[in-house]
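The values are calculated or read from the model by the stated rules, or taken from the named source; none is laboratory data. Predicted model only: the values in this text are computed from it and were never measured. Because the Cβ atoms are built from the backbone with ideal geometry, glycine has one as well, and the counts that use them run over all protein chains shown. All accessible areas refer to the heavy atoms of the entire protein, side chains included, with ligands and DNA or RNA removed. Shrake-Rupley method; radii C 1.70, N 1.55, O 1.52, S 1.80 Å.
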Amino acid sequence: MQDITRIGRLLGFSLFLVALSASSFAGYQSTPLTPEVEAALDHVSADSLRGHLSFIASDQLEGRNTPSRGLDIAAEYIAAQFRRAGLEPAGDDGFFQTANFVLTERDMSKFVLKFSAGNTNVSLSQTQFSIAGTVSVTLSAKELFKIDSTDPATLDTLDPPQISGKAVITDSTNMATQNRIAALNPSVIVLVSRMNRTGGGTGPSRLIDPETAPSGPARAAGTAVTRITIYGMESVQLYDQLVPGVNTVSLNINIPAVEERPVKLRNVVGILRGSDPVLKDTYVFLTAHYDHLGTANGSTGDFIYNGANDDGSGTVSVIEIASALASMKTRPLRSLVFMTVFGEEKGLLGSRYYGRHPVFPIAKTVADVNLEQVGRTDSTEGPQINNASMTGIDFSDVGKNFQEAGVLTGINVYKHERNSDAYFNRSDNQALADQGVPAHTICVAYDYPDYHRVTDHFDKIDYNNMAKVDRMIALGMLMIAGNAGEPKWNEANPRTARYVAAWKTQHPQ
């Protein structure tokens, strides 16, 4: 079977050479499918990909949230595989490029939210309330002023001296009404929800990049009047037994203040040096994000977002392709850089950090190919066997290279009419594109049944198809890295104007 596959590739390569004369890629130099190249492509293994992903997407890594223990373990694993492949470390700490961020969080061990009225005592859990912003609340009161949403005329009779400094409770969902209450300057507004039984608590912790965000008090600013929403039947029953106006209620609230702590986040970067004395100092990148969504707070059963396809599949593909190309004794002209980045799910944080702190000169970086969701073939649009889409495929020459690599490896690399352009700025290729580097993302299924769900498990990946796609990617990388000419932006496409301008800034005439 392997011999038949090789014959097919060689036949495809022969047809490719016939068509090459029509190529518009200036200075293109082909990458012959020599036995060494064939052996490198065959090094990509479905079983190896399955082995890597069964760990990266395992419950033990707890969804690889940014930041988290699981993310750190994933980074160590990726670095170990780069080391095993023989890549050179390219970070400030071995294979790691370290970024210093700040995490805002609360010590909820001191949380209290209790109401006592007569014989009724309500003590709420952290899933039975929600609060907006970063405010803290410490309040002990003996009175609670009820404003009934079914009697809006009563609100017209109230003035600040009656309400100022008091705790107010209401079931109004009308924002204008809530704002009128807030204008009376209560100490806190307690909003009773009749629609839901659980809330979001204080919300997720917030990750802050000190380089791009304000610091100190500017980060901690909250609303003028704190609004706390409470949920559940006990809360509704307590509210219904109160009378409009002042009620004798013992109210105790302690929602701890937001605290900041420094966290270290890491991109993982390795390099395979090129062979040309000059071109080895130019770089072709293969990237993917190795983070995901973490865990679903307060859930039972399966509560871990394993992120096997998003983007464990891209991560292990970077590992596998790095290992395959490192097995070659004959190196391409240019250097190949393999990088996995943190924080894509939090807003492309790791790739944007690299864009501001490049390890290798941007002016010497000739292309980036980013991998997203390359493992699942069960797209909501139908099976995606032997298919791979590239975002912004006609924005630069990179797309043409990978379409040609697809001809040789049996993968249809195509432009998705709806998503190819729309998704161009939605993944980690964007940070380098903003710097003027021709950078694109390859994806097999833009949407699939378990996208951003806890059911995105490693056993749902089509490993045979992913291995085939990865062989195409490996060959496409060799084509660019083995070419004395660089990919260029397509200046005829109006969507590339900003990227062309950035490239020209990096390459002044």
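Yes or no, residue by residue, for (1) in contact with a Gly (Cβ under 8 Å, 6 or more places away or on another chain); (2) of a type in the set (G, A, S); (3) open to solvent by 30 Å² or more (accessible area, probe 1.4 Å):
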{"position": "V44", "(1), (2), (3)": "no, no, no"}
{"position": "N65", "(1), (2), (3)": "yes, no, yes"}
{"position": "A74", "(1), (2), (3)": "no, yes, no"}
{"position": "P89", "(1), (2), (3)": "yes, no, yes"}
{"position": "S116", "(1), (2), (3)": "no, yes, yes"}
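When the residues of the range 187-235 are filtered to those that are among the polar types (S, T, N, Q), within 20 Å of S136 (Cβ to Cβ) and at pLDDT 80 or above, the one that is surrounded by the fewest Cβ atoms within 10 Å (Cβ to Cβ) is S205. Within the range 43-55, residues that are touching a residue at least 40 places away in the same chain (Cβ under 8 Å) sit with their Cβ atoms under 7 Å from residues that are open to solvent by 40 Å² or more (accessible area, probe 1.4 Å), at 6+ positions apart or across chains, in these pairs: H43/S327; V44/R471; A46/N464; L53/F458; S54/F458.
A single member of Q126, Q60 is open to solvent by 20 Å² or more (accessible area, probe 1.4 Å), without any contact (Cβ under 8 Å) to a residue 24 or more places away in the chain and touching a Gly at 6+ places or on another chain (Cβ under 8 Å), and it is Q60.
If I ask for residues that are hydroxyl-bearing (S, T, Y), open to solvent by less than 50 Å² (accessible area, probe 1.4 Å) and outside any helix (DSSP H, G or I), which ones from the range 285-337 would you list?
If we filter the range 285-337 for residues that are hydroxyl-bearing (S, T, Y), which is where we start, we get 287, 290, 295, 299-300, 305, 313, 315, 317, 323, 327, 330, 335.
In the following step, the residues that additionally are open to solvent by less than 50 Å² (accessible area, probe 1.4 Å) were identified as 287, 290, 313, 315, 317, 323, 335.
Of everything in the range 285-337, those that are hydroxyl-bearing (S, T, Y), open to solvent by less than 50 Å² (accessible area, probe 1.4 Å) and outside any helix (DSSP H, G or I) turn out to be T287, Y290, S335.
Okay, residues lined up against (1) open to solvent by 10 Å² or more (accessible area, probe 1.4 Å); (2) assigned to a helix (DSSP H, G or I); (3) in contact with a helix residue (DSSP H, G or I) (Cβ under 7 Å, 6 or more places away or on another chain):
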residue	(1), (2), (3)
I473	no, yes, yes
G476	no, yes, yes
M479	no, yes, yes
P487	no, no, yes
A492	yes, no, no
T496	no, yes, no
A502	yes, yes, yes
T505	yes, yes, no
P508	yes, no, no
